[in-house]
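What follows is calculated from the coordinates using simple rules that are stated; it is not laboratory data. From a predicted model like this one, the values you see are computed outputs, not experimental measurements. Positions of Cβ are generated from backbone atoms using ideal geometry, with glycine treated the same way; all protein chains shown enter the neighbour counts.
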Protein chains: 2
Amino acid sequence: MAFKKNGNRAATLADVGREAGVSAMAASAVLNGAKTSTRISMVTRDRILAAAKKLRYRANVAARALAYRRMNTIGVAAVIEGGELNQYFLNVFNGILEGARERSQNTTVFTLQNWIEDSQRLLGFCDGRIDGMILVCPNLASQSVENLPSHTPFVAIHPNQVIKGVAFLESDEEEGAFAMVQHLIEKGHRRILHLSGGRGLISTARRIKGYQNALKKAQIAAPENMIIEAGFSIARGKEAMARFLQNVDAKALPDAVFCASDSIAVGAMEALAEKGIHVPEDISVAGFDDTLLARTTRPQLSTVRQPLRKMGYDAVDTLIRAIENRDNEPSPTSERKGYVTELVFRASIANRN
Amino acid sequence: MAFKKNGNRAATLADVGREAGVSAMAASAVLNGAKTSTRISMVTRDRILAAAKKLRYRANVAARALAYRRMNTIGVAAVIEGGELNQYFLNVFNGILEGARERSQNTTVFTLQNWIEDSQRLLGFCDGRIDGMILVCPNLASQSVENLPSHTPFVAIHPNQVIKGVAFLESDEEEGAFAMVQHLIEKGHRRILHLSGGRGLISTARRIKGYQNALKKAQIAAPENMIIEAGFSIARGKEAMARFLQNVDAKALPDAVFCASDSIAVGAMEALAEKGIHVPEDISVAGFDDTLLARTTRPQLSTVRQPLRKMGYDAVDTLIRAIENRDNEPSPTSERKGYVTELVFRASIANRN
DNA sequence: CTGAAAGCGCTTACAG
DNA sequence: CTGAAAGCGCTTACAG
């Protein structure tokens with residue numbers, strides 16, 4: 001009984017082979033399904049299996065990845081604002097996890113502080129640890145990501161631009177905003193305030209456009225000062241709503257507030273509550289996204305549902321196809337995959353007819 | 001100009017060395033700080049740097065990990081119930097991400113369906129892809145994880161048991177429950193319902209114990225039927241509250257409900273709202289955890305704060321120490337790190353004095 | 001049916 | 001100051 005000074009090292013193929021009295025390759029063939037001849041006699045096969053079990057053998061992924069040129073891991077990059085992953089990300093991420101699990105892929109999360117400043121770090125992640133990367137980037141301002149490495153495929157969810165060679169998924173935000181504002185109008189609201197997303201984002205612009213078009217179609221005047229820039233967070237929504245309320249007396253309250261995200265809506269509702277203004281009796285509120293937040297407010301929020309979870313799920317699919325085509329594809333395309341939004345009615349919109 | 005048919009392959013040290021007219025080791029020394037002699041002449045150093053930049057060289061982690069025996073990646077395992085990561089996890093995870101980022105470690109999330117059935121999968125993750133693993137396991141029933149591999153260190157957050165060789169972090173749940181119920185009593189509540197966590201969890205038992213002790217200390221009778229088993233989720237909380245309300249007429253409503261988690265409290269508030277019962281005018285509600293949920297309800301929830309984010313952050317620290325001691329440590333200990341809870345007062349508790 | 005060889009891209013001793 | 005060698009643990013051709 002030889003004393004093996006391997007400390008806490010995990011057993012290797014060589015260890016297993018030695019234990020079973022065969023070569024490491026034979027062990028590789030039965031344990032890891034290596035593509036060498038599959039026919040190993042039943043008896044030695046069983047010996048190898050027994051040895052592996054005894055030694056608690058696990059193929060080392062680093063070694064395997066090096067030889068096989070594939071990590072079976074996908075990266076997910078997101079910017080965290082205020083140090084917290086938000087509900088939007090959580091929804092998308094749940095879909096990504098589901099897709100990855102179905103395809104036996106692992107998931108690595110990379111958090112960035114800021115797309116512009118950290119876009120170089122993105123390159124650093126393409127060092128063999130992942131086979132491809134999903135960018136969750138609804139908050140990506142234009143021209144902040146470029147020069148992505150060609151040897152690692154990327155897929156973007158809600159980028160606000162076309163990134164060269166990167167497939168992207170987005171939902172019809174303008175259409176969703178249009179439908180929600182039209183719904184508010186149908187329910188008898190005329191003076192509709194819009195709390196918008198952050199400056200410079202296509203998402204923001206698209207939601208404003210949908211809002212404006214719905215008003216125009218109903219031939220309702222849309223004064224400039226009814227669009228207030230907020231930004232995609234609870235804090236910004238609250239701040240913007242409070243700012244608006246300061247300059248307006250109770251009689252002149254709008255009929256409704258259409259918020260560019262659920263988080264903005266939550267903030268707005270907080271600001272309204274602090275002024276003793278009731279939703280939806282005094283004012284209706286509508287959100288956008290349909291994250292978990294929409295169900296935790298009181299009253300629950302009517303909102304525009306984006307299929308975030310499905311988009312995350314599909315992104316995995318798109319990415320894996322790109323990974324598998326890595327070597328034969330001439331050049332990756334910036335293919336777009338679109339999703340329809342739908343209205344979700346809860347309790348935050350009153351009927352004023 | 002030789003045509004290199006390397007498809008979309010990333011540049012290697014050999015490529016950089018060739019480009020700069022030096023060996024791969026010299027390149028390794030400059031680019032990756034390999035421990036070989038550090039003194040490379042300035043001129044060749046610059047040549048190497050230039051070549052690396054031109055070729056966009058990135059050290060391949062799989063190769064590096066194999067040689068260096070370290071992945072610089074930590075695993076995070078959690079059970080997702082109902083297919084969704086919850087707020088509890090999100091809070092802990094934010095702390096883990098922060099700690100990992102500070103120490104330049106990557107993070108890989110492994111989701112399990114069920115601790116008992118998937119505990120074998122945990123072993124499968126210890127295959128060199130991670131250097132250590134954090135178990136986020138407030139929902140771990142006893143004896144469901146054992147036989148963890150000795151070559152990969154583990155740290156557990158809120159396991160409900162001592163796992164051999166695994167350091168663990170937990171907060172004083174019993175103390176927190178005690179303090180909250182005592183606070184309710186001070187505010188004039190006498191009949192206090194408890195909506196408990198899932199069966200078989202120490203967390204559940206500890207919160208019940210704290211509840212009971214506070215009543216006992218105040219010499220308030222605690223009838224058995226004032227403890228209702230719910231389970232740690234919004235749906236279970238709602239269901240349990242609704243079930244209770246069915247058997248009770250409006251006059252006999254308790255003064256307060258102490259919920260074993262914020263999610264239970266959110267569900268309870270939904271059930272109460274559906275019956276037209278107002279919080280806190282008709283009944284006070286208290287939660288536990290202080291996740292984001294506590295701030296999104298209307299009224300906002302008074303709750304017992306567990307320092308989840310800090311616990312996640314600290315778990316990284318504990319784990320990394322274990323990783324670095326991997327080879328010299330005789331045998332890892334089941335060291336415990338405790339955290340105090342604190343009460344957070346918002347608007348869901350009335351003063352009945 | 002099974003094994004010896006070479007290589008994935010990086011290390012760390014060891015020479016010079 | 002720099003390079004040739006051997007090895008991390010696994011592969012895939014190629015022999016026999």
In the calculated pair distance distribution of segment A:13-59, what percentage of Cα-Cα distances lie above 17 Å?
-> 16
Residues other than B:ILE220 with Cβ under 15 Å of its Cβ, Lys/Arg counted +1 and Asp/Glu -1, net out at +3
Nearest-0.05 FRET efficiency for B:MET42 and B:ASP282, computed from C-beta distance (R0 56 Å) = 0.10
Would you kindly state how much longer the chain becomes between B:GLN246 and B:PHE345 on full extension, computed as 0.36 nm times their sequence separation minus their alpha carbon distance, in nm to one decimal?
-> 32.7 nm
Rounded, prolate or oblate (a/c below 1.5 giving rounded, otherwise prolate when a/b exceeds b/c) for chain B by Cα gyration tensor = prolate
Counting only DSSP beta bridges with both residues in the protein assembly as shown, tell me the antiparallel percent, nearest 5.
-> 10
Return a whole-number percent for the relative contact order of segment A:13-59, with Cα pairs under 8 Å and 6 or more residues apart as the contact set.
-> 41
Sorted shortest first, the nm distances from the B:GLY165 label point (7 Å along Cα→Cβ) to its counterparts in the other copies are 4.5
Within chain B, the percent of DSSP beta bridges that are antiparallel, given to the nearest 5, stands at 10
Would you order A:MET42, B:MET133, A:MET25 from fewest to most other beta-carbon atoms within 10 Å of each residue's own beta-carbon?
-> A:MET42, A:MET25, B:MET133
Going by C-beta contacts inside 10 Å, put A:LEU49, B:LEU319, A:LEU292, A:LEU169 in order with the fewest on the left.
-> A:LEU49, A:LEU292, A:LEU169, B:LEU319
In terms of the alpha carbon gyration tensor, root eigenvalues a ≥ b ≥ c, rounded if a/c is under 1.5 and otherwise prolate when a/b exceeds b/c or oblate, segment B:173-306 is rounded
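Contact order normalised by length for chain B, with contacts defined as Cα pairs under 8 Å and 6 or more residues apart; what percent is it?
Relative contact order of chain B: 18 percent.
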For B:SER41, B:SER233, A:SER334, ascending order of other Cβ atoms within 10 Å (fewest first) is B:SER41, A:SER334, B:SER233
Under-5 Å amide H pairs with B:THR108, H placed in peptide plane, nonlocal only | B:ILE74, B:GLY75, B:VAL76
If you average 1/r over all unlike Cα pairs in the protein assembly as shown and invert the result, what Kirkwood radius do you get in angstrom?
-> 28.1
Could you give, in nm with one decimal, how far B:ASN353 is from each other copy of that position, shortest first, with labels 7 Å out from Cα toward Cβ?
-> 5.3
So what is the relative contact order of segment B:173-306, in percent, for Cα pairs below 8 Å that sit 6 or more residues apart?
-> 25
If each K or R counts +1 and each D or E counts -1, the residues other than A:ASP262 whose Cβ falls under 12 Å of its Cβ total +1
Spacing of the two label points (7 Å from each Cα toward its C-beta) at A:GLU335 and A:ALA67, in nm = 3.3
Closest approach to the B-A rotation axis by any Cβ of B: residue and distance in angstrom?
-> B:ARG298, 2
Rounded if a/c under 1.5, otherwise prolate or oblate - segment B:134-235, Cα gyration tensor axes = prolate
Which aspartates and glutamates, on any chain, are close to B:LYS164 with Cα under 16 Å apart, when same-chain ones fewer than 8 places away are left out?
-> B:GLU146, B:GLU329, B:GLU335
Identify, among A:MET25, A:GLN182, A:GLY198, the residue whose Cα sits farthest towards the positive end of the charge dipole of chain A, taking +1 on the Cβ of Lys and Arg and -1 on the Cβ of Asp and Glu, with the dipole about the Cα centre.
-> A:MET25
Which percent of the Cα-Cα distances in segment B:36-132 go past 20 Å?
-> 58
In whole angstrom, note down how far apart the Cα centers of segment B:281-326 and segment B:148-183 are.
-> 13
